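The values are calculated or read from the model by the stated rules, or taken from the named source; none is laboratory data. In this text the structure is predicted, and so the values were computed from the model without any measurement. Neighbour counts are summed over all protein chains in view; Cβ atoms, including those assigned to glycine, are modelled from backbone coordinates with ideal geometry. Just so you know, the surface numbers come from the protein's heavy atoms only, side chains and all, with ligands and any DNA or RNA stripped out. Shrake-Rupley method; radii C 1.70, N 1.55, O 1.52, S 1.80 Å.
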Amino acid sequence: MELEGKSVVVTGGSRGLGLGLVEALLSRGADVTVVARGAEALASVRERFGVSVLKADVTDESSARDVLTRTRPDLLILNAGSKPRMGRLDEISWEDFSAPWNTDVKAGLHWLQAALTMPLARGTRVLVGSSGAVNGSPLSGGYGGAKRMLWLMAKYANTVSAARQLDIRFQVLVPMQIIGGTGVGDVAAGAYARAYGVTPQEFLGRFGAPLPPRDFGDKVVTMLTDPAYETAFAVGFKGDTGIAVLEDVAA
């Protein structure tokens, strides 16, 4: 995929991994629109990079359709997600356990449905963030399961796209480590560090080389533009090993 001049929407693009994606996309000449809830963070990213911004709650069905109608992106990256409510399985409440399903999965459903039913233009690519979907997260309640559900939903979306001959392609982005310096990563690293009796920095060091948000963004751009990943459906990203295809489209 050539990114120069392409319209790209990044949800949750005002901070963390989303901001790393925005920076990497801008470096390739993409026309980026950032969608997030926080007005202050949006103002900051607009001032810093000159990008278009839209304030929206990604869990609101009408917001998904409104944003996509206004932007008609060539590339949609569903990165926004909630911070997990940390707790061990024998201690966490159902409210906290199910929170990622009522935010991340709900948002995913609305945006995937909007992409398919409007529909977006032929050739559009939709990337779905799915951190924690491989190994789970035993101190994050339903977070890992919610992210695995998003993986499955992207696969279902490809099935619908093929059946209706929409030529919209859905792919899954899977960071294979907890990433410090992000809202979700810092919450998780703090909880696991306390459980293991180490510092957050020591815990994060167990993953090997770090994967800063900008490096993550650059790797995603490589995945988008390198023909070697043409058949990839689910793609893993790690600081020390780089990019790995976890599942192909035909699987």
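Taking the criterion of being under 14 Å from the mean Cα position of the chain (by Cα) and among the charged types (D, E, K, R), the only residue of region 7-33 that qualifies is Arg15. Residue count for region 32-50 satisfying the condition of being farther than 22 Å from Thr69 by Cα and of a type in the set (Lys, Arg): 1.
Any idea how many residues of region 1-23 are open to solvent by less than 10 Å² (accessible area, probe 1.4 Å) and assigned to a helix (DSSP H, G or I)?
From region 1-23, those open to solvent by less than 10 Å² (accessible area, probe 1.4 Å) are 3, 8-11, 13, 18, 20-22; that's our starting set.
Imposing the further condition that a residue be assigned to a helix (DSSP H, G or I) reduces the set to 18, 20-22.
Qualifying residue count, region 1-23: 4.
Could you count how many residues in region 43-52 are open to solvent by less than 60 Å² (accessible area, probe 1.4 Å) and either within 17 Å of Leu78 (Cβ to Cβ) or of a type in the set (Lys, Arg) (or both)? Here the count works out to 0.
Does Lys155 count as touching a strand residue (DSSP E or B) at 6+ places or on another chain (Cβ under 8 Å), open to solvent by 60 Å² or more (accessible area, probe 1.4 Å) and part of a helix (DSSP H, G or I)?
On the way: touching a strand residue (DSSP E or B) at 6+ places or on another chain (Cβ under 8 Å): yes; open to solvent by 60 Å² or more (accessible area, probe 1.4 Å): yes; part of a helix (DSSP H, G or I): yes.
Judged against the criteria, Lys155 is a match.
Within the option set Val235, Val198, Val184, being modelled with pLDDT under 95 and open to solvent by less than 60 Å² (accessible area, probe 1.4 Å) holds for one residue only, Val184.
Out of Trp111, Trp94, which single residue is under 15 Å from Leu150 (Cβ atoms) and of a type in the set (Phe, Trp, Tyr)? Walk me through it before giving the result.
Working: Trp94 fails: under 15 Å from Leu150 (Cβ atoms).
Matching residue, one of Trp111, Trp94: Trp111.
Please state which one of Pro73, Pro119, Pro84 is of a type outside the set (D, E, K, R) and surrounded by fewer than 18 Cβ atoms within 10 Å (Cβ to Cβ). Only one candidate qualifies: Pro119. Only residues that are open to solvent by less than 20 Å² (accessible area, probe 1.4 Å) and over 16 Å from Tyr192 (Cα atoms) were counted in region 130-141, giving 2. Identification of strands (runs of 3 or more DSSP E) wholly contained in region 28-114 with 1 or more residues that are among the charged types (D, E, K, R) and free of Cβ contacts under 8 Å to residues at least 40 places away in the same chain yields 31-36, 52-55. Of the helices (runs of 4 or more DSSP H) lying entirely inside region 166-251, the ones with 2 or more residues being in contact with a Leu (Cβ under 7 Å, 6 or more places away or on another chain) and over 15 Å from Ala154 (Cα atoms) are found at 183-196, 213-225. Within region 123-141, being of a type outside the set (A, V, I, L, M), more than 13 Å from Gly81 (Cα to Cα) and part of a loop (DSSP other than H, G, I, E, B) holds for Gly123, Thr124, Asn135, Gly136, Ser137, Pro138, Gly141. The criterion of being aliphatic (A, V, I, L, M), surrounded by fewer than 21 Cβ atoms within 10 Å (Cβ to Cβ) and in a loop (DSSP other than H, G, I, E, B) does not hold for Ala162.
Looking at the structure I just gave you, is Pro210 out of contact with any Asp or Glu (no Cβ under 8 Å at 6 or more places or on another chain) and open to solvent by 40 Å² or more (accessible area, probe 1.4 Å)? Spelling it out, Pro210 is indeed out of contact with any Asp or Glu (no Cβ under 8 Å at 6 or more places or on another chain) and open to solvent by 40 Å² or more (accessible area, probe 1.4 Å).
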